[in-house]
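So the structure is just underneath, and the comments pick up after that.
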Amino acid sequence: MVRPFAAGIDGASGGVDPAGVVSERRLSDLRGLFRDAAALERAVGEGDEVVYRVVAAPVPEVEGEVPFSVTTIEAGRVGDEFYMTRGHAHPEPQGEVYFGLSGRGVLLMYDGEEVRWVEIRPGVAGYIPPGWAHRTANVGGEPFRFLAVYPGSAGHDYAIVAEGGMGARVVRSAAGYEVVEEPGGAGPAVREYYRRRKKRG
Ligand code: PA5
Ligand code: MN
């Protein structure tokens, strides 16, 4: 069990103090997720920059604890698609709250059939219900930062998103950005994965 503590959350730098685990994802870590694979490989060859960084508070991911972390997604695109997180579902169907700190992003959610999305700005909280996979994209011209707070036993399933997608992509448009649903939808195995979780959630 963690002792009571306070953490400083720096919305301008994405810092958490005290910090626990810090992780970085580069373009090469996001292979297979962007639609334009050739553009991704070019960008990997041109420096393979960091797309996002997650700074976690020192709270373990175990039942009963409530971990929290700050994600910073840099501004950029691969082809027409905005820089984004890998995206995951919680194997234990539990919810999560995101709270905008700086910049502007889209929180994309998918339950195997339906796509929902909300815009996150400073002062805006986004709610991810149990059973919905989630991914964020930076749709602004500066780093997008948000605080995430979630149950410690939720877990992370990245494979279901890598294989089944998010049902939509966040792309550049004349208006700035749009969320474009993917034709076809997920296959039966992916739909069943989400159905099972929603029943339990
Ligand atoms: O708990 C969350 O959902 C977030 O903290 C994410 O883990 C974070 O934004 C990074 O995204 P991903 O875990 O999909 O790489
Ligand atoms: Mn999550």
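A few remarks follow.
- The residues in region 73-84 that are crowded, with 23+ Cβ neighbours inside 10 Å and not hydrophobic (A, V, I, L, M, F, W, C) can be counted, and the count is 1.
- Residue satisfying all of: in region 1-19; without any contact (Cβ under 8 Å) to a residue 40 or more places away in the chain and in contact with a strand residue (DSSP E or B) (Cβ under 6 Å, 6 or more places away or on another chain); surrounded by the most Cβ atoms within 10 Å (Cβ to Cβ) among these: 19
- Within region 123-150, tally of residues that are within 16 Å of ligand 2 (Cβ to nearest atom), part of a loop (DSSP other than H, G, I, E, B), surrounded by 19 or more Cβ atoms within 10 Å (Cβ to Cβ) and not hydroxyl-bearing (Ser, Thr, Tyr): 2
- Unique match (being under 20 Å from residue 102 (Cα atoms) and either of a type outside the set (Val, Ile, Thr) or not in a strand (DSSP E or B) (or both)) among 42, 35, 53: 53
- Only residues that are assigned to a loop (DSSP other than H, G, I, E, B), within 13 Å of ligand 2 (Cβ to nearest atom) and within 11 Å of the chain's Cα centre (by Cα) were counted in region 65-110, giving 3.
- Test result for residue 113, away from ligand 2 (no atom under 16 Å from the Cβ) and either among the aromatic types (Phe, Trp, Tyr) or part of a strand (DSSP E or B) (or both): no
- Filtered residue count, region 100-122, keeping only those that are more than 19 Å from residue 163 (Cα to Cα), surrounded by fewer than 19 Cβ atoms within 10 Å (Cβ to Cβ) and in contact (Cβ under 8 Å) with a residue 24 or more places away in the chain: 1
- Inside region 34-49, residues that are in contact with a helix residue (DSSP H, G or I) (Cβ under 7 Å, 6 or more places away or on another chain) and surrounded by 14 or more Cβ atoms within 10 Å (Cβ to Cβ) make up a count of 4.
- Residues in region 44-74 that are within 28 Å of residue 10 (Cβ to Cβ) and among the aliphatic types (A, V, I, L, M): 50, 51, 54, 55, 56, 57, 59, 62, 66, 70, 73.
- Flag for residue 28 being in a strand (DSSP E or B) and of a type in the set (S, T, N, Q): no
- Here residue 58 meets the list (1) assigned to a strand (DSSP E or B); (2) surrounded by fewer than 15 Cβ atoms within 10 Å (Cβ to Cβ) almost entirely, failing just condition (1).
- The residue list 127, 194 contains one member that is farther than 19 Å from residue 81 by Cα, without any contact (Cβ under 8 Å) to a residue 40 or more places away in the chain and of a type outside the set (Val, Ile, Thr), which is 127.
Laboratory data are not the source of any read-out in this text; all were calculated from the coordinates shown. Please read all numbers here as calculations on a predicted model, not as lab measurements. Here the Cβ is made from the backbone with ideal geometry for all residues, glycine too, and neighbour counts use every protein chain on show.
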